[in-house]
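A short write-up of the structure that comes next.
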Amino acid sequence: DPWNFPPPLQVFWPHKLVRIYKVATHMHLRGTHATAYIDRPDGSRDCLLDRPQYDFNWQRFYTLKDYIELRPGDRLGVECHFDNSAGNQPLLDGVPMTPTDVNWGEESTQEMCMGFFYVVTLDE
């Protein structure tokens, strides 16, 4: 795995009720599909956001219809898919870039896979 990402973040607030209200994903110009989810200890998965036609120009938080509770043992995760083919290269001065290996970076011609969660903790 050239990206060498850690496993999904373990979420645990032992003395608080935790609720997710909004979710966002972030990639750059080669991103094609992004999903944010919760893996539950019983093996089930709750999809929070699925963007099968990711568009770099339409990045925003999505407000969930109802909040989702996080419980001890839940794991938040984000999955991203990219297309680095010749037909999906970013334009540089109006010319498609040549396909090359892409690394993590802040420039739009580099890539990243990020999930953002608007979380509120409440006293139990």
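Of the candidates 59, 53, the single residue that is without any contact (Cβ under 8 Å) to a residue 40 or more places away in the chain, touching a His at 6+ places or on another chain (Cβ under 9 Å), surrounded by fewer than 16 Cβ atoms within 10 Å (Cβ to Cβ) and under 14 Å from residue 23 (Cα atoms) is 59. The number of residues in segment 78-103 that are loosely packed, with under 10 Cβ neighbours inside 10 Å and either part of a loop (DSSP other than H, G, I, E, B) or within 21 Å of the chain's Cα centre (by Cα) (or both) comes to 6.
Residue 38 falls short on exactly one of the conditions (1) within 15 Å of residue 113 (Cβ to Cβ); (2) among the aliphatic types (A, V, I, L, M); (3) assigned to a strand (DSSP E or B); (4) modelled with pLDDT under 95, and that condition is (1).
The values are calculated or read from the model by the stated rules, or taken from the named source; none is laboratory data. Since the model is a prediction, treat every value here as computed from it, not as a measurement. Here the Cβ is made from the backbone with ideal geometry for all residues, glycine too, and neighbour counts use every protein chain on show.
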